[in-house]
Structure formats: C-alpha cells, structure tokens
Amino acid sequence: MSNILLVFTGGTIGSTVLNETINTTNKQCYKLLNLFEQSYPESNTLNFNVIQPILLLSENLFPSVWESLIAAIEAENISQYDGIIITHGTDTLAFTAAALSLYFNTIETPILLVSSDYPLDNPQANGLSHFICAVEFIKQRKEAGVFVPYKNTHSATFVHLGSRLASSLQLSGDFISVQSKAYLRFEQNTFRQQNAINSVDRITIQLAPLFSPRILLIKPYPGLDYSHFMIDHADAVIHDLYHSGTACSTEDWGKNYSLPNFIQRCRQRNIELYLAPAIKTTNAYDSTRILIEQGAKMIWNMSLESAYVKLLLAYGNFNDADSINQFLEQNIAFEIISN
C-alpha cells in the first residue's frame, strides 16, 4: 500500500464550466479521484490523504500563497508518505514549481505538481494522464525532489525538474523545460531518462518559507520606458533578458529607454539590479558587457522563473549582501544548468 498526500489548490484541474465561465469549485477536486479510480486498475493499492489548504485560479497567486501551501504540507507528517501530489493551475505552474523546488531542496520525498490544460469534464483534458504519471513516479522511482509531469499536444508525457520548468508557450497550453531538456519521458507505463542532471556541485540548505514581496520583475520589449517604474519600495529588481542574454544598452532613443541609465538610478537608491536568464560563455554581446560594467548582477545559467523565486527567498531569508550573493550562486535544486 502506497501512502500519498494529495494537496488540492484549485486551478483548471479543480475547475468546472458554468455559464461559459471556468472557475474553481470545492467538489471538483474529487472528480479527479473518481476518474482515477475508474481508469487505474490498482487504485485500491493506494491510500490518499486529501487536504485543500487553498482554492484559487493560479493567475491569482501571490507569493504568500506559497508560504500557506508549505505550512499545510509541513503540518503533515511527511515521513509517513511515499509521495506528495499537488494539483495546480497552469498559469503560474513554473513559478510554483521553482518555489517548491528551492524551498524543499532537502526533502527526501517526491513532490509532483499536477495540472490540466482543460477542466476534467472536457474529454481533451490531460489532467488525468498527469495524475497517473505522478502516481507511477511515486511507485516506481521514489526519487526525492520536485517534478512536473506534462503531456503536450501530440506528444508523449515528459517529467520536468521543477527548478527547470519554463512557463507555457505563448497562445498554447504546452510546457517545456529550459533548453527543451526534459528530465524523463513516460511512455507505456515506463520512465526513460531524457537528460542526466549533474549533482556534483549541488548542496542543500535549510530555508525559512519567507518569500519577499519587494522584488520587482521587469520584462524587456522595444520601447520600454523605465521612467514608468516606481522603485522606492523595492529591495531588488530582476530584469528579464532577450534570448541572447541582452537588453537595450543604448541611449540613442533617450535616457528613459536605456537600461544602463536605469541601473544607475537603482544604484543611487541602493537597490540591486539582477539580470536573467543567460548562459555564461566566453563571448558575450557588447550590450551585455555594458550592463554588467554598469553594475548589474547576472544570475547565470538559470531560468527566469527560478531566478525570480530564488531572489524572493534570498531577500526573505538573508539580510546582508554577502549571504544573498552566496545563496544565489549555490546550486541547491539543480536550478543551475551546466554549460
């Protein structure tokens, strides 16, 4: 008998359609269990302990929700479970996967985040297949860490490391790992290794479940005007980058559109500005070098989602710059990708 802690949080997988509107419902969570029992011949060999600490559509998620979710899980006797399955919406799935991966970096129990592209009443929904994959992962692999099974359209089911899951592709419900390197492939009830992970430089660290609400995330686009941002209430800024690890470094269009000028503005207020994502290589674009020379700190070889959440934890757990910088450089949940 496998004991599994089942944590419902809402999302599309916990929603139904009423009057052409998708929304969460308290009863829909048991729809998943009913479908599972009907389609899984060995369901009687599993014991689920069900809790529902939160109920929301994941687009409404705030970092304090992670604190509530963690508290609910830690209130249970985790050691009595063979695994933990958390249902979640898709909109902020990658951020929650990163948050739980980093916080639970010392856990010895597998945690799997399960979501669905459509409500379960829709025959096209992939939520049930994700749930079955999560159960089989707990039974077959018993691997510690945070993982996300997901089946894209016309694809097999892949298992992603939680710390490397990227947000859904635009105008799509599909998910990939960063660099398109999923961890495992799940097919015909069998797991096959897709990409190995290097644990040589990984360390573990106990953290408090404190996610700073004072980190500003900025995404680049042509014509971005930095004068629109009020930064006086921010402890740090993380600036997303184009795929080449670049952002606008020129003042040709005016200082308000220049990231180096914004970096100087942050420095005048003792606010650190971080850049991500970017792969650290020998050669770099001139614009990237200018940003670093102006005082921006690069968070190398990490997804934007993991970099953002890691900053929330860094500024929530540490008070001095040295501790924050050391934490950002430590590989605690396989979030740092080898070149």
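Here, each number is a calculation from the coordinates, and none is a lab measurement. All values reported here derive from a predicted model rather than from experimental measurement. Using ideal geometry, Cβ is built from the backbone for each residue, glycine included, and neighbour counts are taken over all protein chains shown.
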Checklist outcome for this item: One finds, for residue 154 and residue 179 with R0 = 22 angstrom and r their Cβ-Cβ distance, a FRET efficiency to the nearest 0.05 of 0.55
Checklist outcome for this item: Full extension between residue 20 and residue 48 adds, at 0.36 nm per residue less the Cα distance, a length in nm of 6.9 nm
Item to check | Residues in the range 25-52 that a label on residue 75 would reach, taking backbone N under 17 Å of a point 7 Å out along Cα→Cβ | outcome: 49-52
Checklist outcome for this item: GNM of the chain, Cα pairs under 10 angstrom: of 313, 128, 18, the biggest fluctuation goes to 18
Next on the checklist: Helix-only mean residue ellipticity at 222 nm, the chain, DSSP H runs n ≥ 4 weighted -39,500 (n - 2.57), per residue, nearest 500. What is it?
Outcome noted: -8000 deg cm²/dmol
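How big is the Rg/Rh ratio for the range 5-125, C-alpha atoms only, Rh by Kirkwood, two decimals? Numbers along the way, then the final one.
On the way: Rg = 14.3 Å, Rh = 14.9 Å.
Looking at the range 5-125, the ratio lands at 0.96.
Fully extended, how many nm does the chain gain between residue 188 and residue 250 (0.36 nm per residue separation, minus their Cα-Cα distance)? Numbers along the way, then the final one.
Working: separation 62, 0.36 × 62 = 22.32 nm, distance 5.31 nm.
Taking 0.36 nm per residue and subtracting the Cα distance, the gain is 17.0 nm.
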Item to check | Within the range 183-221: backbone nitrogen closer than 13 Å to the residue 319 label point (7 Å, Cα to C-beta) | outcome: none
Next on the checklist: Rounded to the nearest angstrom and ordered from largest down, what semi-axes does the equivalent ellipsoid of the chain get from its C-alpha gyration tensor (root of 5λ)?
Outcome noted: 37, 21, 19
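What pairs in 31/310; 139/181; 151/280; 27/219 have C-alpha atoms more than 26 Å from each other?
Numbers: 31/310 35 Å; 139/181 24 Å; 151/280 31 Å; 27/219 38 Å.
Pairs exceeding the cut-off: 31/310; 151/280; 27/219.
Defining a contact as two alpha carbons under 8 Å apart and six or more residues distant in sequence, what relative contact order in percent does the chain show? Before the final figure, lay out each step's value.
Values: 679 pairs, mean separation 49.7, N = 339.
Reported as a whole number, the value is 15 percent.
Return one quarter of the surface area of the convex hull spanned by the alpha-carbon atoms of the range 195-339, equal to its mean projected area, in nm². Walk me through the intermediate numbers first.
Values: hull surface 37.3 nm².
For the range 195-339, the mean projected area of the Cα convex hull comes to 9.3 nm².
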Checklist entry - For the chain, what is the percent of antiparallel DSSP beta bridges, rounded to the nearest 5? => result 35
Item to check | 5 Å binning of all Cα-Cα separations within the range 120-235, expressed as whole percents from 0 upward | outcome: 2, 8, 15, 16, 14, 13, 12, 9, 7, 3, 1
Checklist entry - So what's the gap between the Cα centers of the range 52-112 and the range 269-321, to the nearest angstrom? => result 25
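Got the relative contact order for the range 205-316 handy, in percent, Cα pairs under 8 Å and 6 or more residues apart?
Working: 180 pairs, mean separation 35.2, N = 112.
It rounds to 31 percent for the range 205-316.
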